[in-house]
Each structure stands twice: as structure tokens, then as C-alpha cells.
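Participant: Supplied in C-alpha cells, the structure appears directly below.
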There are 4 protein chains.
Amino acid sequence: MVVVMEMTSSVQQIEAVNTMLDRLGFQTQLIRGVKRIVIGAVGDRPVSDLQDLQLMPGVEKIVPIMKPYKLVSRECKGDNTTIQVGAVTVGGADLTIIAGPCAVESRPQLLTSAHQVRQAGAQIIRGGAFKPRTSPYSFQGLEEEGLKILKEASQTTGLPVVTEVIDEASLQMALDYVDMVQVGARNMQNFRLLKAVGQTDKPVLLKRGMSATVEEWLMAAEYIMSEGNSRVILCERGIRTFETATRNTLDLSAVPLVKRLSHLPILVDPSHGTGDRGLVLPMSMAAIAAGADGLILEMHPEPAKALSDGPQSLTPPELEQLMQQLSLIAAAVGRNLAGTSIPHEVA
Amino acid sequence: MVVVMEMTSSVQQIEAVNTMLDRLGFQTQLIRGVKRIVIGAVGDRPVSDLQDLQLMPGVEKIVPIMKPYKLVSRECKGDNTTIQVGAVTVGGADLTIIAGPCAVESRPQLLTSAHQVRQAGAQIIRGGAFKPRTSPYSFQGLEEEGLKILKEASQTTGLPVVTEVIDEASLQMALDYVDMVQVGARNMQNFRLLKAVGQTDKPVLLKRGMSATVEEWLMAAEYIMSEGNSRVILCERGIRTFETATRNTLDLSAVPLVKRLSHLPILVDPSHGTGDRGLVLPMSMAAIAAGADGLILEMHPEPAKALSDGPQSLTPPELEQLMQQLSLIAAAVGRNLAGTSIPHEVA
Amino acid sequence: MVVVMEMTSSVQQIEAVNTMLDRLGFQTQLIRGVKRIVIGAVGDRPVSDLQDLQLMPGVEKIVPIMKPYKLVSRECKGDNTTIQVGAVTVGGADLTIIAGPCAVESRPQLLTSAHQVRQAGAQIIRGGAFKPRTSPYSFQGLEEEGLKILKEASQTTGLPVVTEVIDEASLQMALDYVDMVQVGARNMQNFRLLKAVGQTDKPVLLKRGMSATVEEWLMAAEYIMSEGNSRVILCERGIRTFETATRNTLDLSAVPLVKRLSHLPILVDPSHGTGDRGLVLPMSMAAIAAGADGLILEMHPEPAKALSDGPQSLTPPELEQLMQQLSLIAAAVGRNLAGTSIPHEVA
Amino acid sequence: MVVVMEMTSSVQQIEAVNTMLDRLGFQTQLIRGVKRIVIGAVGDRPVSDLQDLQLMPGVEKIVPIMKPYKLVSRECKGDNTTIQVGAVTVGGADLTIIAGPCAVESRPQLLTSAHQVRQAGAQIIRGGAFKPRTSPYSFQGLEEEGLKILKEASQTTGLPVVTEVIDEASLQMALDYVDMVQVGARNMQNFRLLKAVGQTDKPVLLKRGMSATVEEWLMAAEYIMSEGNSRVILCERGIRTFETATRNTLDLSAVPLVKRLSHLPILVDPSHGTGDRGLVLPMSMAAIAAGADGLILEMHPEPAKALSDGPQSLTPPELEQLMQQLSLIAAAVGRNLAGTSIPHEVA
């Protein structure tokens, strides 16, 4: 950490800061500049403990040097982490494509979707049983009934399933039915939920909050890992900016940036990221080209009848076409798209 | 709602949209322009049910006309709502000043703070027992022990207390100890929590999410009200923008805008809104001048020792000075600042 | 400046950075931490010269310590600057209210406006002769004819006038007719224009760019001052954020922040800042309460007939009402609003 | 256009709006809803002329239906536009790679760069002679001397050159030396400059402003085209958001979106878009996968000695590697990368 003193700070003030740093266990060193005195402080205290320094007389600002996260960092673990979700390995040479409807609406809708997802060559099925909706008057999900349908879809197709959890109760319920739980963008800083999923051993798909910096997102992953669950998969899903022509602004630069800062796998959600079915294909291609480990896509047997997020859902033929085009991009970046070899259905 | 058809849409496509609108219970009317055909649709369905229209062939876009919220709207209730928090009326001619430390750190720290808050003339005491912190390694709050201290502070000073709740468990626990619960910015779209507080009869201080539009914020209030609890007080606390010189960008325009759109009271939090002790006084003045019904302020007996948010906390003398200057602004906008008459302490 | 080395940097890399810093004229000092080596570097080179350091092997990041602006800074000049615009002093105890239509549309429109502005008690008249419009098909201003009308309005009312300039040609033309030139938000980083106004001795009203940080805005002022013209008045007019309920997000925290960082006067434009006539009054009050030295307001004799920015223009009676309410706020913050004593008209 | 009347609007108010619309040349149609009356208005007036309607008593809001741009729109011209820059065709099946240093620093630096650019297989050389720099104390460009060096580089390598112009004087000067002029992000709404380049017949590379919506960007192109120059190439270069981990947020969704809305070619600038050399390769790949017609890249013979933008400049070997990897992505999306066949040097 570096403490920048004000141009007008007195010898006593500098002394006082030094003493305080000493008390906090830092080794200090004074750097006398032309217009500023700067105090370098060496130690290992979390940044959050140091803000009181900022209030000491004569202090202009505190500049932290260390990153606030540890377990998630590439410094802590140099090689890429792969995470097992059922029989699927996320983060290795094979790309992972997760697809399915935004919400589980009915047994026939989800089972049909699941077969279409498998037919298209995707590896994991998605479907929401608990829906965080902006309006209290919108469809909120089938809850446990939805989880049962997801489990049936998994058993019928042989593919693992993922679903969003929105509090501890829904998490506890979901643990019995699904292979991976998702923490949604709106809950990325629901720290209670992060701790709760951190106390399970389920893989966690952690979406970036819509106004979260990459650092805050990695801190959210640190919350989960600090509780003991290291099976975290990150998911970029667009951030909120001034641009309203798309639902969100998909921040693909975050993909190579996260790869540099962390060892965790990262997926991209171009469906929520754009909110526009016509942009899902090109942005899926771009995401893989940028180095993402896979995608999570919305597909609905009949988007026009979807109870939520219809406008951004692909049709089954569109998903198949996307998978084909994706295989070309995958090859260009040295990744595999397993989808070509469809395993036999589990009776 | 208005459906804008693409320039190239066919007669059949227009017919199909018309039929669908009819089925959804809308009365429709065709408007033929030079380059576009537009279909006006009259009805009362929530916007969320209509997005499938956007997927019909030939449809360019859907333009909603109605606001998505009802109970919170000024159209629904023309006169200002006042809300009782203990003996304090929020939203009337008297301004409401809530003050206290960010976190309850110890019994002496909070009791000292509480007396200083009362001494300065503020009406409600704040203090966090459950702290949502960005880092898992930071202080997370005293939990139930903190709630007990808050209750004691309330009994000793005669002032009501407010504290943040972060999930259903903390809410249930808090109900016995405090006079108002706060839903923080990070939980503004934690819809489970919104429903849970909506099922109590406690006053709720609902902070705006850091990337929430005013409309989304009012929808969050609608969630609470739609469950039966109409005692909602809104609180502007800054939004996230590209500007990093302040911790957040305090959006004071939201104050008169919310007053136009809704009948609910609105407070402002200049401490989190700026993250900078030196800006709290001028922005407090500005908030009241803009029409806010009051403020929520961080004050700490010794900010340099605060376990969280020290840099934005006022000292007790600063709070007293603020109250004095505020009384001049209050008078200029026709509001009262009750602080001058301090009630006798409850033994 | 502080150079943070990567955890894995070698002795040779550290040596190389040290040598380079030495060559650039810095004195250096090594700080050895537990996980990082940090090099403190003392000197006076502009930040922009140092980015090559960031490319040296082993360097993680560069942390600048010094602010990049000098002449505009409070460190450079401790007391507030006041600027003379005709007979009006901006930045002193008296508030400065600038009012008038967005655009000069015709001689009668502007002369009527000018008298209404004077009648209401404002001190300076505004009116655009060169209009930067988003659409090439919109009204672009009366240009020199407009300037002549502005000069006539000034002579008739005895009030100084300000108008926006948009390139060197319009600047040269305006110098003969107006008392102050305005550099608009879209031109805040038109560095050629900044230099050109810096080479005149006219007062300059420098609006903040809609996505400019406070630091970039002060750097734009530095451009003007570095050319020799120190008569710069800053003007906050709202920044672009995700919120679309208002045209811009008026960043009032920038007012006390600029007062801390710089000695220059600062005005606020609540008309563009909100884009909403109904919000102009409360945000004007808030701006003065936050410490602004004055306001620039849009007023039109008949807003419904305005050729630009009608929805945010006040009517003459609204301006008068605003001036009255403002005088109460002015008193509350120890400022004067001169408007009460209207000087006799110049024949 | 659709005019939404307030719930409480009177028959007289509705009548008055109808009369006004009639006078403005619109055909109107009344839509009576349960809670709102909406007036559909058919006509062809620019949106900017209609804002006065918003001020009429009883009007809640105006909803424009038509897009504000014409000449740039895909509706106006269905097939993709290709633009000739010297012997290079931009916007066809062949991708266009523009590369070179941020600034022309010296004759040897640029000529070396130019040969390296050609060697790597790029088609157009870039280099700044007029540099818009945030600080007045930074290097501002070699101006006409730089233009002469650019022309020499073009003649020696046989490749066309592009340079940024920043006002009418620099534009007039550049016309004799370069094959394409660039309007930079900071000047995207410098309407005088847009008109001036619109009055030439040079190809124009129009960068998106850092806080410009896609619609505003297309309006800037409309400015150029409305003056008669239809040779406009768009360039996405990142927008400003709350995220500070990258210099800007590269908005790749804008690529397929622009392709839908407009017939003009679009390039991507991953160097400015990320500000981080390590992210340029993956984001270049992503840009082409998303459908961009090419890239503009910063390359410097010795980035550590660059006078501007060093940290985001590729080295010559990095550019060569990028071109090779890019050719794989190009093939995957059905585009050609001409770079493999290098034409013989012009003596």
C-alpha cells in the first residue's frame, strides 16, 4: 500500500501516519518527492481494514497495491481449473454449451426442449424454476415442480441440468435435483447466498452483476471459494451502460481479462447479454473467438409462446445452425465442440 | 401499447398480429403511415406478457404506453403518503434525519453514537448488525448481539432505530428489535427479500440499487406493496457511473422525479452517495433543497476507528454543524427541522 | 509515481526499470513487500511520458501520484478566482444567473427574452447563434445575424451576453459581439477550439463533456489556461448514465468536488442537466445549496414554439418564481442574489 | 409518432393537440384506452420539430416511431456498401486490416512501421499527424511534416494511408497527402468537421464517440452523407462505462447491430477499445467473428518508446502472429484475409 500525503502535511502528521502503520503491522518507507511525501507500506492486511488511514490529518489518498482476492487468482493457482458437471468437463479443451428455455413452463415444454438441446449437440440443459422477475405481476416459476421436471429431463436425455437459485430455501431444494446451481446477476452480491452455495459441493455458475466490475465479480467468487467450494464457473452476461439499443452491453473483453487474472473457467451468455435473438449467433461466435470456455443460450421450442425472455430465445433450428457455425470457430481457436457425436439416449 | 410493423411487413403479417392482440384481449386500431403501419392496442395486460408479440414476423418493435407499477404511483394515490416510524412521521412537513454508525461495533460505540445522534437533533438512529461486505475477509456485523444493542439504544434515547436486513432469517430476527428495516442497494432486486418484508407490517427503507433505473426502483417498491405492506420509504444513495472521483454519483434529480411519479416519501443518503466526508454537508443541503423528505447519514464517534465506511462518516461535531446549516435550508423550502427541541431522555 | 512489479519479476527486470527511471530523471526507492516489489519514483515528468514503463518486462502497473493539471488546481492558487463578465463578477459572494433561449430564433424573440430575463433579475443573457444539433436536418442557428441580435439585446438591456462557439471561425466572429464565449459539452475535448479560446482574452464558459470525468474536465480548462487565458468558468450540465428517465444525470457532487480541487468558479445548467422543465426549479435550488456560483437556465417567451430544447425551457413567469425561491436558498448558504435591484434600462 | 395523453387530460386539451398535429401536416387517429388516450400521428416531419408538442397541456409523452436517419439506413439501401480506399475495397468479402503507430513520430519510425505493416500483410497504413491529447503538455503531433512522411510511406509500400483530422485546417491539409481521413471519437459530434468532410470526396473513417449511442453514431454518418460524401466507414472503438479494468468497453454487439440498421461497412479498433496489448489479439478474433469488415490496430516498432499509446501497441511479431490467427477466424466466417499474398514493393 502507498499513502500519499497532502502537499501541506506537517512533520507531525507524517509521523502519526507512520506510527499508525507500524501499529497495524506494516513496514514503512518514506519517499520524499518534489511536491509530495509518499509512504510505502509493506504488509498483508486486507484493504478494508485500512480505510481509517484515509481519515488521518494530512493524508491525501491511499493507493492499494495488492489485489483483494486470493483463492480465485491466477497468482494463487497458475493452471486453468476444470470443473466436472455430471459427465461434462468445463474449462478444458472441449467447449461447453448450455441451452434451454429461460423458464420451466410445463413438463412437455421442458422435455421437448431438452431433447432439442441434446439433438443440437449441447452438453447441459438449463431451465429456471425460480424466476427473479422485475414485476411482481409476472410469472415467477414453477419452483419444486419445475425442479422435478428438470431432473426428469436430465434422466431422459443423459445430460446434466443447471438451474438458478435465489435464496437459501431454493438452494436447499435444488441440491437434490440439479447438477449445477446458478447465482444470477441480481444476486451476485447477495453475500448470504454466496456463502450458502459456498458451503455445498455443487458446481456454481456465477453470473456477473449488471453493474459489477471484474474485480467485484472475482470477489463474489472469492466468497464462494472462501467457504470451501472451489467449483465456480464464471459467466459474463452483459453490463448496464448508457446504450439502450441492446438490453445490456456484452463485455467480451472481460473474457481474456478474467483468463489473465483467474484460473476459473468462464462462459458467456449472449442471450441476456444482447436481449436480441438476431444478435445471439454473431455474439456467440465472438465469445468463443475471444477465448470463452463455452456459452449459455436461451432456446425455446416456440419462442413466441415463452412466458419470459421470448425475444432473445433461439428456435431449435437456430440452435442447430449456431452449433454448426460454432464448430468452425472452435476449430479456429483450437477448441473442440463435442456436439457432433451425440450419445445414445438413456432409456 | 403500440406495435410498430416493419416497412416490408405483409398484409398477412399485419392480420396475424391483429388476431393475436385480439386473442390477448386488446382492442386494436390500425394507423397507416407513409412508411410504417402502426397498430394501437388498448388493454390492461402487464407488459411482460406481451413480449412474444415482438417475435411475430413483420413486427419491428413494441412500445409500451402504460407504466408497469400501480400501487406506488401518484396516479393511484394523489396525495403524499406519510409513514409512522415509532413516534416519528416521515414524509410530512417535518424533515427526518436518520444518523448513526455504518455498523454496530460494540455496545459502548453504539450507545455513545446514539446519544450524540439525539444530541445533534436527529430523529432516528441507524446502525448495521448484518453487513453486506464486498470482501469475505471484512467484518460482517454483530448480528443478533447488534440488534440487542440497537434496541437498548432506542430505549435509552427514546428514538426509533433502523437496521439493514439481508435475508429472511435476518429479517425475522430484526422484527423484534427495530422500528424500521432497511433493504440495501445490493438487495433492491432480491425479490424474495422484497416479498418477505412485504408480508410484515414494519416500515421499510428501500434503497435504490446502484444500477437501478427509477422505474425499476419503483417496481421494487411495488413488490413490497403488492404483498400488503404499504409502509415503504424510498432512499436515493447514488448510482454507478463512469465517474470514479466520487464513490457513486448521487442522482438528486431522482428526488423531484420520484415525487412526481409516486406518493411515497423519499430520503437521500449523501454518505454512501459520495463516499467522501467532505462532500456530505453540501450534498445534504442540496438534497433538502431538491425536495427530499430527509436524510440518512453516517456518523461515528471516532471515524478513524470505524470498522467500515470510515472515510464517509461525519464526526459528532460535524453532524451538529450540519443540522444547524440544514435548518436554514429547511426553512427556505418550507420544511421544519424538529431537531431544535430535544425531548428529555428516557431514564 | 509508484511502479508495481509483478510477483514473478526477476532481479534483472527490477534493475532495468530502475535504470530507465534514472534515465528519465527520477530518484527511486525500492520497497520490498511480502508478495510484491514496489518502486517509488520521485520526479516531475508528466504522466503521459511514462506509459512506456508499463511495457517493460516484469512491470504490473504504474500508479501516478500527482494530479495531471497545474494551473487550474487549488494547490497552485489557494483562493477563489472571480471573473469579470462585463459589469458582472462571477465567483464572488453574488450568485450569477444566466438565462435566455437555447437558440436565437429572431430579433423579436430574443429582444423579448432579454427584457424578460432582465425583468426576472438575472445578470447575463444567453442565446445560441451556432447550434450543434444531433440531426443535420434540424435548425442550425442564425450565425452572424444571431450574434448581431445578441449584441443589440445587450445594448438595450445593459446586460452582458454569452453564446456558444463551435470552431475557430465562429469564435473569431463572436469575439466582436459577445461578452463571454461558451465551449459546449460536445466540444469539451475539441482541443483545437480550447487552444483557440485560450489565445483570446474573453471569459470562457466551459461545459463538462457528457462523459468526461472531473479530471478530464479540469484538463480541458488547463488547455485554455496553458495558452494564457485564465478567465475560465466551469459549468456542470449532467453526465450520461444508464438512467433514461432524465435527459442526463446532473452530477451535483461535482460542485463541491471542483471547489476542493480548483480555484475556478463553477455554474450549473439544470435545463440540459435534466431536460425536463418540471425538474429545473428543484435542481436549481439544489445546485445553489451544493455551493454553485450560479446557474445557466433556458427560458423562452413561448416554449411551445421553441426551435430547440422547448421541453426544458422555463416560461418567463416560471423564471421569476425561480428567482424568488432561489433568493431564500441563497440567503441560507450565505450568498446574495442581486436580482432584487433592477438597474434602469439603457435607452 | 404517438402522443400519449395524461390520464387526467381534458377533451379541450386533446382537441388542441389534434389541431396542432393537423397544422404540422400530420394525419391523426384517436385511440381510447381504459386509462389513457393515445393519438397516433402519421407524417414525415423530423422528430426535432415535434418537441413543442410535449409542452402542450395534457400531453404525457411523445413516442417517435421513425428512425431519425435516412441515407445511412439499410431501409434506404438494402445491399452492403463497399468503399474504395486506394486499391483496397472495404466492406466486401476481403477483410481490411489497417495498422501502424498511433502517432507519426519521425520519418524512420514511420517508414519502418510501414514496411512491417506491409510485411505482416495488412492493407492500409495508419499514423497520426494531429493528435488530440488529454493533456496540453503531451506530444501533439508532427502536423504537415507528419503528412509528408505518411505520403512517402504510401508511395514506398504501395499501401494507402489514413490519418486523423481534427478541424477544417487539418482536413484541408490532409486531403493532398492521404487516402482516407479519420474523424476521431472526441470529434464524432463536431458537426462542423462532419460537414467539412462531407463536402470532400475522401473516404471517411468515422469512429464512434465514447459515449455515443449507435443511433447518434449513425446520425453523425448521416451528417457526412447529407453533404454529399457517401464514402463513410464506421469504426467501433469502445464506449465509456463504469468498468475501469479496461480503458474502454469494446461494444462488439454494435457490429451486428450496425449491419442490421445500416448498409455501411464497419471496422473495429481493439487497441483503443481495450487499451491493453494483451487483449488486442483475442478481441481482434472476436471482432471478426462478430462480423466486422476489418480492424484498425496500433503497431509500433518499439512500443516502449512510443510517444503515445504505447501500452496498447502490438510489436511487429505480434502483428504477424495476429494476422495468422485471424486468417483462421476469417475462413470460419467466410471472409478472406488477403495478407498472404504480399505485392512486390514499389521501387
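Participant: For an R0 of 51 angstrom, estimate the FRET efficiency from the Cβ-Cβ distance between B:Arg107 and A:Ser106 and round to the nearest 0.05.
Facilitator: 0.40
Participant: Ok, one more. How far apart are the D:Lys35 label points across copies, placing each 7 Å from Cα toward Cβ, in nm, shortest first?
Facilitator: Label-point distances to the other copies, shortest first: 3.3, 5.3, 5.7 nm.
Participant: Based on alpha-carbon centroids, what's the gap between region A:73-149 and region C:213-265 in Å, whole number please?
Facilitator: 47 Å
Participant: Can you run phi through the Karplus equation (6.51, -1.76, 1.60; θ = phi - 60°) for region A:252-263 and list ³J(HN,Hα) in whole Hz, with x for Gly and Pro?
Facilitator: Residue by residue, region A:252-263 yields 5, 4, 4, 5, x, 5, 4, 4, 6, 7, 9, 8 Hz.
Participant: Give the nm distances, rounded to one decimal, from B:Pro108 to the matching residue in every other copy, measuring between label points 7 Å along Cα toward the beta carbon; shortest first.
Facilitator: Ordered by distance, the counterparts are at 7.1, 7.2, 7.9 nm.
Participant: Quick check: at a probe of 1.4 Å, how many percent of the accessible area of the protein assembly as shown sits on carbon and sulfur atoms?
Facilitator: Looking at the protein assembly as shown in its full context, I get 50 percent from C and S.
Participant: May I pose another question? Near C:Val204, within a Cβ-to-Cβ distance under 12 Å, what is the net charge of the other residues, with Lys and Arg +1 and Asp and Glu -1?
Facilitator: Result for the neighbourhood of C:Val204: 0.
Participant: Tell me, Kirkwood radius of the protein assembly as shown from alpha-carbon pair distances, in Å?
Facilitator: One decimal place: 32.9 Å for the Kirkwood radius.
Participant: Okay, next question. What nm distance separates the two modelled labels at B:Asp176 and A:Glu6, each placed 7 Å from Cα along Cα→Cβ?
Facilitator: Going by the 7 Å Cα→Cβ label model, 4.8 nm.
Participant: Sticking with this one: How about region A:179-207: which of its residues lose at least 10 Å² of accessible area in the presence of all protein chains relative to their chain isolated, using a 1.4 Å probe?
Facilitator: A:Arg186, A:Asn187, A:Gln189, A:Asn190, A:Phe191, A:Arg192, A:Lys195
Participant: Give the aspartates and glutamates whose C-alpha is closer than 15 Å to that of B:Lys259, dropping any in the same chain fewer than 8 places away, or say none.
Facilitator: Partners found: B:Glu75, B:Asp79, B:Glu215, B:Glu236, B:Asp251, B:Asp293, C:Asp276.
Participant: Order the peptides B:21-30, C:87-96 from the highest to the lowest mean number of other Cβ atoms within 10 Å of their residues.
Facilitator: C:87-96, B:21-30
Participant: At a probe radius of 1.4 Å, figure out the D/C buried accessible area, summed over both chains, and give it in Å² to the nearest 100.
Facilitator: 4000 Å²
Participant: Given a 10 angstrom Cα cut-off, can you work out which residue in A:Asn190, A:Asn18, A:Asn80 is the most mobile in a GNM of chain A?
Facilitator: Looking only at A:Asn190, A:Asn18, A:Asn80, the largest GNM fluctuation is found for A:Asn18.
Participant: Using only alpha carbon pairs under 8 Å that are at least six residues apart, calculate the relative contact order of region D:83-332 and give it in whole percent.
Facilitator: In percent, rounded to a whole number, it is 19.
Participant: Shortest first and in nm with one decimal, please list how far the C:Ala331 label point sits from its counterparts in the other copies (point 7 Å along Cα→Cβ).
Facilitator: 0.8, 8.2, 8.2
Participant: Sticking with this one: Compute the signed sum of charges (Lys and Arg +1, Asp and Glu -1) over the other residues within less than 12 Å, Cβ to Cβ, of D:Leu110.
Facilitator: +1
Participant: Net charge near D:Gly278, counting Lys/Arg +1 and Asp/Glu -1 over other residues with Cβ under 13 Å of its Cβ?
Facilitator: Taking every Cβ under 13 Å from that of D:Gly278, the sum is +2.
Participant: Using DSSP to define loop residues, name the GluC sites (Glu not before Pro) in region D:1-101 whose beta-carbon has at most 14 other beta-carbon atoms within 10 Å.
Facilitator: Sites meeting the loop and neighbour criteria: none at all.
Participant: Here is a further query. Ignoring ligands, DNA and RNA, what accessible area per residue does region B:159-246 give at 1.4 Å, in Å²?
Facilitator: 24 Å²
Participant: Of the listed peptides D:265-274, A:276-285, what is their order by residue-averaged count of other C-beta atoms within 10 Å, with the highest listed first?
Facilitator: Descending mean neighbour count gives D:265-274, A:276-285.
Participant: With both bridge residues required to lie in the protein assembly as shown, what share of the DSSP beta bridges run antiparallel, to the nearest 5%?
Facilitator: Taking every DSSP beta bridge within the protein assembly as shown, about 40 percent pair in antiparallel fashion.
Participant: Straight-line reach only, C-alpha to C-alpha below 16 angstrom: list the lysines that D:Lys202 could link to, leaving out same-chain residues fewer than 8 apart.
Facilitator: Within the straight-line limit of under 16 Å, D:Lys202 reaches these lysines: D:Lys151.
The values are calculated or read from the model by the stated rules, or taken from the named source; none is laboratory data. Bear in mind the structure is a predicted one, so any value in this text is a computation, not a measurement. Cβ: placed from backbone, ideal geometry, glycine included. Neighbour counts: every protein chain shown. Remember, those area values only see protein heavy atoms, side chains included, never the ligands or the DNA or RNA. Shrake-Rupley method; radii C 1.70, N 1.55, O 1.52, S 1.80 Å.
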